[in-house]
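Enquirer: Just dropping this structure here.
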Amino acid sequence: MGSEEETKKKNEVFDAEAASLFVKELRGTFASGKTKSYGWRVSQLKSLMKMLNEREPDIVDALRQDLDKPELESSIYEVALLKTSIKSALKELKHWMTPEKAKTSITTFPSSAEIVPEPFGVVLIISPWNYPFFVGAIAAGNALVLKPSEVAPASSSLLAKLVGEYMDLSSIRVVEGAVAETSALLDQKWDKICYTGNSRVARIVMAAAAKHLTPVLLELGGKSPVVFDSGINLKVACRRMIMGKWGCNNGQACISPDHIITTKDYAPKLLESLKNELENFYGKNPLESKDLSRIVNSNHFARLSKLLDDDKVSGKIVHGGERDKNKLRIAPTLLLDVPRDSLIMSEEIFGPLLPILTVDKIEDSFDIINSGTKPLAAYLFTNNKKLKQQFVETVSAGGLVINDTAVHLAVHSLPFGGVQESGMGAYHGKFSFDVFSHKKAVLSRGFIGDVPVRYPPYTKGKLRLLKVLISGSLLGIIRALLGWSKA
Amino acid sequence: MGEIEDKLAELRQTFRSGITKSVAWRKNQLRALIELLQDNEDKIFKALHQDLGKHPVETYRDEIGLIKKSAKYALSCLDKWMAPKKRRLPLLFFPASGEVVSEPFGVVLICSAWNFPINLALEPLIGAIAAGNTVMLKPSELAVECASFLAETIPLYLDCKAIKVTNGGVDVCEQLLQQKWNKIFFTGSPRVGSIVMSAAAKHLTPVTLELGGKCPAILDTLSSPLDIKVTVKRIIGGKFASCNGQVCIGVDYILVEKKFAATLIELLKTTIKKFYGENPKDSKSISRIINEYHFERLRKLLEDPLVADAIVHGGLLDKENLFIEPTILLDPPLDAEIMTEEIFGPILPIITLNNIQESIEFINSRPKPLVIYAFTKDETFKKQIVSGTSSGSLIFNDTLVQQLCDVLPFGGVGQSGIGRYHGHYSFETFSHEKAIMQRSFFLELEPRYPPWNDFKMKFLRLAYDFDYFNLLLLLLGLKR
């Protein structure tokens, strides 16, 4: 009770001054070297794991309050995925922390070189808490501040509580709040800032980081398209499509499929299959289904409603469209052939609405994708090898998945990140460790092997020898060294 | 403004045509770059001599030679760099394949600095070309002859639809920064670096910033006189023998134990004389200060009376010839500007400590430098420096040589920069690493799909744990 009041009090006066004291304290801890030790990193990762193991019901409950999120989604996508990241980090940490040897060339002989990973220092993470940034930042040995999203208030306050109970508060802190608190934090000098969210706020974050030359990791979104070719196992494809779209936060996820592009010929078949599978998954009254999250708040509900009420679009609804304002629920909705300049096609939907665009030739879909801003993910369902190749070669997105959606989130060996409008930097697995580390080049030379040709006074002779040395020609170097016997 | 927009439009169009993605195009451009350097050596020598008074040996060593080496290295590695990297996926997703493909960002802007006007323009250019981008190059206007040389010569050798040069001052820079680029690579001061990043933020353009800082050289006690001699040569080499101290990775100041200071100063004086003769002003082997602005800036650093008192060697300033001789200071005040700002000139402060171990704290209480140099044979001390300090790079027992290393990343941290390049890091810094995962329709996992129930929950928990054994038991009905 006491600590809750304290936290509330802290938040009431969390202005630039408070933020600055905060950072100072964390810098002190970082300077002490505490977070750099392997022992500390392991202990924090283990504490995080303990927290997830012991408090999963609380987490599920908070997500239910924030989003009406089905228990399975919370347990699996939020908790289990994070646990996998922690396990993998615990297993690999020693290896990740080991300097990487680099092979030096004859030009710097004798020398040895290695690349040593070191933490940046004090890191700010503005993100939903369950993203593995937390794991990466700790594994890399940083001190950190988490600013969870205020749009999910129950999760945010639970996180603050749990970090207080399980983690090392001298190095890891949570700041709750909205614009004011985020601005106060962004005014400070950080050694790295990580932000997950939309591209509008990302610009503000990067501009704030620019003042202190702070590197940033931005995980944004975009309109992730799904291209449906014909000649596929349509049932399986539709089920995978539905899972990626409505099966995770009901479309409110950065890698959610945003819209479909298919051929005019194939569209009716696709539509039929989608409708069938949607009913198999969510029943005849999806508004009542316990297996679908609700819309996070009334602002977003209003935003999505506006997209549906747009004159250009309201006549294009071919399935769903039901809404319950009180319960903040919108049923899985399919729209066919909305105009390309409609509101729903000009911004990231981030909700349970799925427009289907049709083209004459399936290859035309790639032009449509490339005419927009680069999305975080692009998906393709096809058995056509040539089409796959063309997709990979011409479509630029953070990541591509063929014949599935969203699963690459669970793959630690692939970097996960955006490009241009969908973000910068990547994480997952070792990439998380790397993105929160500075890779320091360390070159060690001996005192022998000094070539006088390096030094003034400069002469034409030295120029000749220099050319040979820099080119790394072994024979040339031997000749040169033999020619110059005096140091 | 219209001209810049037109150039940019052409660069975008060229990129969209896909020509820069082909390995043949990239290799041709790299070969053409090597040819450019080979054919124009004398012109480059002349331009650098006019802009900075650089001797051809310095120019070859720090500019032409380095770029040729880098271009050749990129040519030999390009196929390897461009090859998709296969990645193993968990059994859970079988059958599936994963790989990472490097793709060019698109249209990139490279802004280079005046102290190594050829090197700092062409080294990033190699990376940008190797990665398949189109490029706008903006050389520094302060190195006038080199900027002209680049503008005139590059179109004669490289594909002018894909690689363009724009010259001009601050106003041109501002116009360029207003445009939307797919990547910006900047070399210069932290102050301008911050401006570049702010401009990039408007378009969410990723940046690589190669900045500077005060690079210290730690001098531990060395027992062998030969080692000491070599050390002193390398320090002079790392300070005065490269653009006369106007270099981002130059030795900015020395940290040494009090008892060794006098010996060190004598050795430095002797070596300076050996390199530059009795009157360095007459030596052809030493560069000039780039312009009056920087000359005055350096003069001001020495004007502080407490700093002037600390001069133990040199101090000659010749405004007409923009020449400042190698100058050594002993223990100037730590709060004087010469010890708080990057010197970027031929003035070398020696800071004495009671114990060389104190150097670690001294460095840590200041912004992270681009490089730390340490001369020591003490393995324990080495380890302490590696783990106890933070810098872009760390070099033991030499200076400046990291330039020659294609395998080490070159870049800063904190105030000294963001990102890195050289060798394959140049290729990476201009590429987007695109992850690709391919699945088959075969082998469906039913428990993936709603409606949810306890069985599916159990299944997915085990699946995400990659606990295949228990998963199998569950499927066979053998697990409770």
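The values are calculated or read from the model by the stated rules, or taken from the named source; none is laboratory data. Computed from a prediction, not measured in an experiment: that's the story for all the values here. Glycine also receives a Cβ, built like all others from the backbone with ideal geometry; neighbour counts cover every protein chain displayed. When the accessible area is computed, the model is the full protein with side chains, heavy atoms only, and any ligands, DNA or RNA have been set aside. Shrake-Rupley method; radii C 1.70, N 1.55, O 1.52, S 1.80 Å.
Enquirer: Restricting attention to the range B:60-91, and to residues there that are among the aliphatic types (A, V, I, L, M) and open to solvent by 10 Å² or more (accessible area, probe 1.4 Å), which single residue is farthest from the chain's Cα centre (by Cα)?
Expert: That would be B:Leu91.
Enquirer: Would you please name the residue that is farthest from A:Ala154 (Cα to Cα), looking only at residues in the range A:281-323 that are surrounded by fewer than 15 Cβ atoms within 10 Å (Cβ to Cβ) and within 14 Å of chain B (Cβ to nearest Cβ)?
Expert: A:Lys284
Enquirer: Sticking with this one: Pairs please, first residue from the range A:369-386 and within 23 Å of A:Val236 (Cβ to Cβ), second anywhere and among the acidic types (Asp, Glu), Cβ atoms under 8 Å, 6+ apart in sequence or on different chains.
Expert: A:Tyr379/A:Asp404; A:Leu380/A:Asp229; A:Phe381/A:Asp229; A:Thr382/A:Asp229; A:Asn383/A:Asp229; A:Asn384/A:Asp229
Enquirer: Tally up the residues in the range B:371-388 that are touching a helix residue (DSSP H, G or I) at 6+ places or on another chain (Cβ under 7 Å), free of Cβ contacts under 8 Å to residues at least 60 places away in the same chain and more than 9 Å from chain A (Cβ to nearest Cβ), please.
Expert: Within the range B:371-388, residues that are touching a helix residue (DSSP H, G or I) at 6+ places or on another chain (Cβ under 7 Å), free of Cβ contacts under 8 Å to residues at least 60 places away in the same chain and more than 9 Å from chain A (Cβ to nearest Cβ) number 1.
Enquirer: Can you tell me which condition B:Asp220 does not meet? The list is (1) out of contact with any Ser or Thr (no Cβ under 6 Å at 6 or more places or on another chain); (2) in contact (Cβ under 8 Å) with a residue 24 or more places away in the chain; (3) open to solvent by 10 Å² or more (accessible area, probe 1.4 Å), and all the others hold.
Expert: Going through the list (1) out of contact with any Ser or Thr (no Cβ under 6 Å at 6 or more places or on another chain); (2) in contact (Cβ under 8 Å) with a residue 24 or more places away in the chain; (3) open to solvent by 10 Å² or more (accessible area, probe 1.4 Å), B:Asp220 breaks only (1).
Enquirer: If you scan the range B:446-463, which residues turn out to be closer than 19 Å to A:Asp404 by Cβ and free of Cβ contacts under 8 Å to residues at least 24 places away in the same chain?
Expert: B:Glu446, B:Pro447, B:Arg448, B:Tyr449, B:Pro450, B:Lys456, B:Phe459, B:Leu460, listed by residue number.
Enquirer: Another one. In the range A:460-480, what residues are exposed (fewer than 14 other Cβ atoms within 10 Å of the Cβ) and either at pLDDT below 80 or outside any helix (DSSP H, G or I) (or both)?
Expert: A:Leu474, A:Leu475, A:Ile478, A:Arg479
Enquirer: Under the condition of being buried (at least 24 other Cβ atoms within 10 Å of the Cβ) and among the β-branched types (Val, Ile, Thr), which residue from the range B:390-407 is nearest to the other protein chains (Cβ to nearest Cβ)?
Expert: B:Ile395
Enquirer: Something else about it: Could you check how many residues of the range B:42-59 are at the interface with another protein chain (Cβ under 10 Å from one of its Cβ atoms) and open to solvent by 10 Å² or more (accessible area, probe 1.4 Å)?
Expert: Of the residues in that region, 3 qualify.
Enquirer: A further question follows. Give the residues of the range A:192-227 that are more than 7 Å from every other protein chain (Cβ to nearest Cβ) and of a type in the set (Gly, Ala, Ser), sorted by residue number.
Expert: A:Gly197, A:Ala208, A:Ala209, A:Gly221, A:Gly222, A:Ser224
For (1) buried (at least 17 other Cβ atoms within 10 Å of the Cβ); (2) part of a strand (DSSP E or B); (3) β-branched (Val, Ile, Thr); (4) in contact with a Cys (Cβ under 8 Å, 6 or more places away or on another chain), each residue gets a yes or a no:
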position	(1), (2), (3), (4)
B:Gly345	yes, no, no, no
B:Pro349	yes, yes, no, no
B:Pro369	yes, no, no, yes
B:Ala374	yes, yes, no, no
B:Lys383	no, no, no, no
B:Ala435	yes, yes, no, no
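Enquirer: In addition: Scan (1) within 14 Å of chain A (Cβ to nearest Cβ); (2) more than 28 Å from the chain's Cα centre (by Cα) for the single condition B:Val307 breaks and write down its number.
Expert: Result: B:Val307 fails condition (1) only.
Enquirer: Quick one: would you say B:Thr208 is within 30 Å of B:Asp42 (Cα to Cα) and surrounded by 18 or more Cβ atoms within 10 Å (Cβ to Cβ)?
Expert: Spelling it out, it is not the case that B:Thr208 is within 30 Å of B:Asp42 (Cα to Cα) and surrounded by 18 or more Cβ atoms within 10 Å (Cβ to Cβ).
Enquirer: Please tell me if B:Val251 is in contact with a strand residue (DSSP E or B) (Cβ under 8 Å, 6 or more places away or on another chain), at pLDDT 95 or above and part of a loop (DSSP other than H, G, I, E, B).
Expert: Judged against the criteria, B:Val251 is a match.
Yes/no per residue for (1) of a type in the set (A, V, I, L, M, F, W, C); (2) touching a residue at least 60 places away in the same chain (Cβ under 8 Å); (3) assigned to a helix (DSSP H, G or I):
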position	(1), (2), (3)
A:Phe14	yes, yes, no
A:Leu52	yes, no, yes
A:Ile59	yes, yes, yes
A:Glu73	no, yes, yes
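Enquirer: Still on this structure, please answer the following. Just to verify a result, which residue in the range A:94-137, among those that are facing chain B (nearest Cβ under 10 Å), open to solvent by 20 Å² or more (accessible area, probe 1.4 Å) and part of a loop (DSSP other than H, G, I, E, B), is farthest from A:Val79 (Cα to Cα)?
Expert: The qualifying residue farthest from A:Val79 (Cα to Cα) is A:Ser105.
Enquirer: Exactly one condition in (1) away from chain B (no Cβ under 12 Å); (2) surrounded by 23 or more Cβ atoms within 10 Å (Cβ to Cβ) is false for A:Ser230; which is it?
Expert: (2)
Enquirer: Identify all residues within the range B:343-366 that are touching a residue at least 40 places away in the same chain (Cβ under 8 Å) and in contact with a Phe, Trp or Tyr (Cβ under 8 Å, 6 or more places away or on another chain); write none if there are none.
Expert: Result: B:Ile343, B:Pro346, B:Leu348, B:Pro349, B:Ile350, B:Ile351, B:Leu353, B:Ile356.
Enquirer: Checking B:His203 against (1) part of a loop (DSSP other than H, G, I, E, B); (2) within 12 Å of chain A (Cβ to nearest Cβ); (3) open to solvent by less than 20 Å² (accessible area, probe 1.4 Å); (4) at negative phi, which test does it fail?
Expert: Among (1) part of a loop (DSSP other than H, G, I, E, B); (2) within 12 Å of chain A (Cβ to nearest Cβ); (3) open to solvent by less than 20 Å² (accessible area, probe 1.4 Å); (4) at negative phi, the lone unmet condition for B:His203 is (3).
Enquirer: Can you pull out every residue in the range A:308-337 that is aliphatic (A, V, I, L, M) and farther than 18 Å from A:Val151 by Cβ?
Expert: Scanning the range A:308-337 gives A:Leu308, A:Val313, A:Ile317, A:Val318, A:Ala331, A:Leu334, A:Leu335, A:Leu336.
Enquirer: Would you mind stating whether A:Ser422 is among the polar types (S, T, N, Q), open to solvent by 20 Å² or more (accessible area, probe 1.4 Å) and not assigned by the TED database to the domain that holds A:Pro119?
Expert: Here the answer is no, as A:Ser422 does not meet what is asked.
Enquirer: When the residues of the range B:224-267 are narrowed to those that are within 14 Å of chain A (Cβ to nearest Cβ) and free of Cβ contacts under 8 Å to residues at least 24 places away in the same chain, which ends up surrounded by the most Cβ atoms within 10 Å (Cβ to Cβ)?
Expert: Result: B:Val230.
Enquirer: Return yes or no: is B:Leu472 more than 7 Å from chain A (Cβ to nearest Cβ) and not in a helix (DSSP H, G or I)?
Expert: Criteria not met by B:Leu472.
Enquirer: Just checking, which of B:Glu320, B:Glu303, B:Glu292, B:Glu278 is under 29 Å from B:Lys229 (Cβ atoms) and surrounded by fewer than 15 Cβ atoms within 10 Å (Cβ to Cβ)?
Expert: Criteria check complete, one pass: B:Glu278.
Enquirer: Which of (1) within 9 Å of another protein chain (Cβ to nearest Cβ); (2) open to solvent by less than 40 Å² (accessible area, probe 1.4 Å); (3) closer than 30 Å to B:Ile249 by Cβ; (4) hydroxyl-bearing (Ser, Thr, Tyr) does A:Ser413 not meet, given it meets every other one?
Expert: Checking A:Ser413 against (1) within 9 Å of another protein chain (Cβ to nearest Cβ); (2) open to solvent by less than 40 Å² (accessible area, probe 1.4 Å); (3) closer than 30 Å to B:Ile249 by Cβ; (4) hydroxyl-bearing (Ser, Thr, Tyr), the one that fails is (3).
Quick grid of which residues meet (1) at negative phi; (2) crowded, with 23+ Cβ neighbours inside 10 Å:
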position: B:Pro95; (1), (2): yes, no
position: B:Gly132; (1), (2): no, yes
position: B:Ala143; (1), (2): yes, yes
position: B:Glu152; (1), (2): yes, no
